[in-house]
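Every read-out reported here was derived from the displayed coordinates using simple, explicitly stated rules and does not represent laboratory data. Predicted model only: the values in this text are computed from it and were never measured. Every residue, glycine as well, gets a Cβ built from its backbone with ideal geometry; the counts of neighbours run over all protein chains shown.
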Amino acid sequence: MSTLTDTAPTRSRALSTTAPNPRPFRLVRHSLALAKRSLIKTWRTPEALIDVTLQPVLFLIIFVYVFGGAVAGSTHDYLQFLLPGILAQTIATGAIAIGVNLNTDIAKGIFDRFRSLPIPRSAPLVGAVLGDVVRYVIVTVSTLAIGYVMGFRIDTDLFRAIAGCLLAVLFALCLSWLPVLVSMKVRTAGAVQGVMFALIMPLSFASNVFVGADTLPGWMQAFVDVNPMTHLVASVRGLFLGTPLGNHVWWTLAWCAGFVAVFMPLALRAYRKKI
Amino acid sequence: MTADLVIEAEGLVKTFGKTRALQGVDLAVPRGTVLGVLGPNGAGKTTAVRILSTLLTPDGGTARISGFDVVRDAERVRQSIGLTGQYASVDEDLTGRQNLELFGTLLELGRAGARRRAAELLDWFDLTDAANRQAKTYSGGMRRRLDLAASLVGSPDVIFLDEPTTGLDPAKREDMWDVVRTLVNNGSTVLLTTQYLEEADALADAITVIDHGRVIAHDTPEGLKRVVGGQTLEVRPSDPAQLPRTAEILTQVGSGAQADEIRKGVLAVPVTDDAALTESVARFATAGIAVTELSLHLPSLDEVFFTLTGRTASEDDTTRPTEVAA
């Protein structure tokens, strides 16, 4: 630091005299730059991926080998039935992490720096949400990989299998605005986790993830029928195994649109009001 | 608006619940100068900086940066400011270089521009060797330098430094001061908050003293020092038996008051100018008095506050009535 004055960079431009930059797609470009930041963070802290990679492994092994025989008559049949459900459940739980991370980030102060920059206020949030797509892809790939090792096989074709994976990733991407909203509203990262598990758990158990909905009592079937998780699981099952798709894909897409339409504006508003 | 004022605030008011953080603060900083905002913890310094840097909306009053209103033209304001404080931080999981490049990209420098600017700043702040390490592995001083570098990526005209040297050791503090001087030489306008009169004296062209969300003094460092009693010369003779003779000499070089034994074996006397230091050294030499310690001190924040308000800076805030007197 002794030679500071000699090496000080010259000031290249006077920012205050220029008008706000009118370059198009600012929100997109800034969000992508910030998504890259999330990616680097994910890459740097692989231990943060343990929950989302370990959870499907444990659930598949426990449910398939403990309940498989009783529920479906054979472990292989149950694995075929269960894997799309576990994928949906894991990817939805994986979306919780963004709320936890955002809450930690805001407490650390990096967001105040972002807010002092001439970028769209929502860019840091949109960036974080987009950056987590990679996490969902990792969840999908690792769930399918462990399933394959255990004997799971796609019964349809590559095109439909990929469509199923993309639908699951899209679902998590849209759903993640809910944990983002929660992270703006509660004080600690632990509270985000607690609130989100309380919301996600009923959605994944009161559904067709583990058993067919027709075995459930009527009052619960009513809930299961509207449960977004049910539609996602039925869609993925159809796309992976060729079971009837019905309107499930449309319902899933409608839920995705609903999540974004409701939770994204609320989350952005809460973010602007926070601090 | 006065053409030359880069930072202007009038009557800023901000309330958090029952806490009146700011109760009508005026600030004015001419172009290319440093304003030192001096005050104890909880005086409202950080709140004022957060309003000026568009992070907070004031409940009352107005503020302009380079002529742009911090509320109505927040976007314009953000284009010309750089902010450094404990809260405006960097990403600890990213390396120093990744942090600076990210801010460069967000400031529209372009890929190559962001890379060049990051390299330039890393070099300037002596962080090139640590550039590819995660920021969480940095020492306190390195971290502070990276924070400051991050706020300079866009070559801002106006720089807010919220307690930039709190917690740094004296050598690191001097380094930080050099940086601030360089920035001002290059034409930037700086608003610096601090708890140290010494720091404000070393850097600022003018000092605003804030207490309980209100300005209690605004002056040049010289003027403020005149009010609060200037400097104190402290001497510790090697032989305690020499204390009376040392005191005699100190009283002669001092500004009139009697030399006092402020700690065991240490004498102090108020002095008006730096020449008193050399004069006392010469007189001790003539008198054959050896000294182990000899130093010139500015009054501490506590002493400044005691002089200005009649109470110490650390006194409990809640005991004081908060209604506006004028």
For this session: Just tell me, in residue order, which DSSP H segments of chain A are both 15 angstrom or longer along the helix axis (alpha-carbon based) and at least 1.0 in mean Kyte-Doolittle hydropathy.
Result: A:50-62, A:133-150, A:158-175, A:189-205, A:228-241
Exercise. Across the residues of A:103-111, average count of Cβ atoms on other protein chains within 10 Å?
Worked result: 4
For this session: Throw me the Rg/Rh for region B:61-146, computed over C-alpha atoms with Kirkwood Rh, two decimals.
Result: 1.05
Exercise. Given Cα pairs under 8 Å that are at least 6 residues apart, what percent is the relative contact order of chain B?
Worked result: 19 percent
For this session: Enumerate lysine pairs in the protein assembly as shown that are 8 or more residues apart or on different chains, then count those whose Cα atoms are under 12 Å apart.
Result: 4
Exercise. Packing-wise, with mean Cβ within 10 Å as the measure, how do B:181-193, A:69-81, A:85-97 rank, highest first?
Worked result: A:85-97, B:181-193, A:69-81
Exercise. With point charges of +1 on the Cβ of Lys and Arg and -1 on the Cβ of Asp and Glu, referenced to the Cα centre of region B:147-275, which listed residue (B:PRO164, B:ILE207, B:LEU192) lies farthest in the positive direction of the dipole?
Worked result: B:ILE207
Exercise. When the C-alpha atoms of region B:131-227 are aligned to their principal axes, what extent does each axis show, in angstrom, from largest down?
Worked result: 49, 27, 26
Seminar exercise, completed: Expected integer from the mean partner chain Cβ neighbour count at 10 Å over B:73-83 is 5
For this session: Just round it to a whole percent: the fraction of Cα-Cα distances in region B:231-297 exceeding 17 Å.
Result: 26 percent
Seminar exercise, completed: Computed for chain B: size of charge dipole around the Cα centre, +1 on C-beta of each Lys and Arg, -1 on C-beta of each Asp and Glu, debye to nearest 20, value 700 debye
For this session: Would you give the gap between the C-alpha center of region A:167-205 and the C-alpha center of region B:283-298, rounded to a whole Å?
Result: 69 Å
Exercise. Counting Lys and Arg as +1 and Asp and Glu as -1, each charge on the Cβ, what is the dipole of region B:231-297 about the Cα centre in debye, to the nearest 20?
Worked result: 180 debye
For this session: Would you mind giving the mean number of other chain beta-carbons within 10 Å of the Cβ of each residue in A:37-45, as a whole number?
Result: 4
Exercise. So what does the Cα-only Debye profile of region B:25-84 read at q = 0.21, 0.27, 0.28 Å⁻¹, as log10 I(q)/I(0), no solvent term?
Worked result: -0.89, -1.38, -1.44
Exercise. Lys/Arg Cβ at +1, Asp/Glu Cβ at -1, dipole of the protein assembly as shown taken about the Cα centre: which of B:LEU250, B:ILE289, A:SER122 is farthest positive-ward?
Worked result: A:SER122
Exercise. Each label point is 7 Å from the Cα along the Cα-to-Cβ direction; what then is the distance between the points at A:VAL66 and A:ASP51, in nm?
Worked result: 2.0 nm
Exercise. For region B:231-297, what's the relative contact order in percent, using C-alpha pairs closer than 8 Å and at least 6 residues apart?
Worked result: 49 percent
For this session: For an R0 of 60 angstrom, estimate the FRET efficiency from the Cβ-Cβ distance between B:ALA290 and B:GLU75 and round to the nearest 0.05.
Result: 0.40
For this session: Averaging over all projection directions, find the projected area of the Cα convex hull of the protein assembly as shown and quote it in nm² with one decimal place.
Result: 35.4 nm²
For this session: Pairs of Cα atoms under 8 Å, at least six residues apart: use those to get the relative contact order of region B:23-112, whole percent.
Result: 15 percent
For this session: For the protein assembly as shown, build the charge dipole from Cβ charges (+1 Lys, Arg; -1 Asp, Glu) around the Cα centre, then report which of B:GLY39, B:PRO237, B:ALA149 sits farthest towards its positive end.
Result: B:ALA149
Problem set entry | Calculated diffusion of region A:190-273, Stokes-Einstein form, Kirkwood radius summed over Cα pairs, 37 °C and 0.692 mPa s, µm²/s | 229 µm²/s
Exercise. With the radius of gyration and the Kirkwood radius both derived from the Cα set of region B:5-226, what is their ratio Rg to Rh?
Worked result: 0.96
For this session: Equivalent ellipsoid semi-axes for region B:99-168, as square roots of 5 times the alpha carbon gyration tensor eigenvalues: give them largest first, rounded to whole Å.
Result: 20, 16, 9
For this session: Assign unit charges at the C-beta atoms only (+1 for Lys and Arg, -1 for Asp and Glu), then state the dipole size of region A:126-192 relative to its Cα centre in Debye, rounded to the nearest 20.
Result: 240 debye
For this session: Could you please report the charge total around B:GLY85, scoring K, R as +1 and D, E as -1 over all other residues with beta-carbon less than 9 angstrom from its beta-carbon?
Result: -3
Exercise. Could you list log10 I(q)/I(0) for region A:26-273 at q = 0.16, 0.18 Å⁻¹, which the Debye formula gives when each Cα is one point scatterer?
Worked result: -1.16, -1.39
Exercise. Ratio of region A:88-229's C-alpha Rg to 2.2 N^0.38 Å, to two decimals?
Worked result: 1.22
